[in-house]
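This report refers to the structure that appears directly beneath it.
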Amino acid sequence: MDSTALMDAYGRKLLAELQANARLSVAELGRRIGLSATATAERMRQMEEIGILRGYTVEIDREALGLEVLAFIRMSCNGPQYHRLLDYVHTLEEIRECHHLTGGDDLLLKVTTTSMADLEALIEALLPYGTVITSLVLSTPVERRSFAVTGKLVTVTKKQPPRRR
């Protein structure tokens with residue numbers, strides 16, 4: 001099925017409700033979006049099948065697990081090391097996310113460790129693969145946002161600038 005057909009008003013309402021609370025029953029989701037439970041379950045199945053919905057997750061407080069340190073590591077490496085580095089980062093449970101970048105850096109890694117000593121050990125383990133630049137996270141003013149399911153973003157560039165008097 002085509003993803004555009006699933007991204008109608010019902011599909012967008014469904015995604016908004018799931019982002020707000022993925023634990024709602026199919027019957028409750030259906031009530032909220034205006035479809036029967038059967039139609040809602042079928043819509044969800046189709047969205048899962050084509051990859052719009054990729055999973056239902058739980059958020060866990062990393063500090064409750066003893067993961068006190070949150071950092072971002074930028075890496076750049078020479079050509080032959082790149083694929084070896086990618087293979088290696090897949091084996092490290094400290095790495096929460098890995099993004100391939102344009103620009104001067106090759107990868108951006110989001111990492112968590114239990115201590116500064118563990119972060120230092122992780123950095124040392126990455127050094128053979130290239131240049132490592134680390135930034136510690138002091139706080140997180142915006143943790144994770146829901147996607148704008150309308151498909152329209154209101155960005156700074158679209159907002160009217162304040163008028164001067």
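Results, tabulated for the structure shown:
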item: Segment residue 92-residue 37, length gained on full extension (0.36 nm per residue, minus Cα span); result: 15.7 nm
item: Simple Cβ-charge dipole of segment 62-136, Lys/Arg +1 and Asp/Glu -1, about Cα centre, in debye nearest 20; result: 200
item: Cα centre as origin, Lys/Arg/Asp/Glu Cβ charges: segment 48-106 dipole, Debye; result: 260
item: Trypsin sites (Lys or Arg not before Pro) restricted to segment 25-54 and DSSP loop, no more than 16 other C-beta within 10 Å; result: 54
item: Two-site FRET efficiency, residue 3 against residue 65, from Cβ-Cβ distance with R₀ of 41 Å, rounded to 0.05; result: 0.70
item: Dipole of the chain [Lys/Arg +1, Asp/Glu -1 at C-beta], most positive-end residue of 121, 15, 103; result: 15
item: Check: the chain dipole with +1 on Lys, Arg Cβ and -1 on Asp, Glu Cβ, in debye; result: 1420
item: Those residues of segment 75-97 whose amide nitrogen sits under 17 Å from the label point placed on residue 133, 7 Å along Cα→Cβ; result: 75-78
item: Dipole axis of segment 3-50 (+1 Lys, Arg; -1 Asp, Glu on Cβ), positive-most option in 40, 27, 6; result: 27
item: Helical mean residue ellipticity (222 nm; -39500 (n - 2.57) per DSSP H run of 4+; nearest 500) of the chain; result: -10500 deg cm²/dmol
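Since every read-out is calculated from the coordinates, none of them should be taken as a lab result. Model, not experiment: these values are computed from the prediction. Counting neighbours? That spans all protein chains shown, and the Cβs are built from the backbone with ideal geometry, glycine included.
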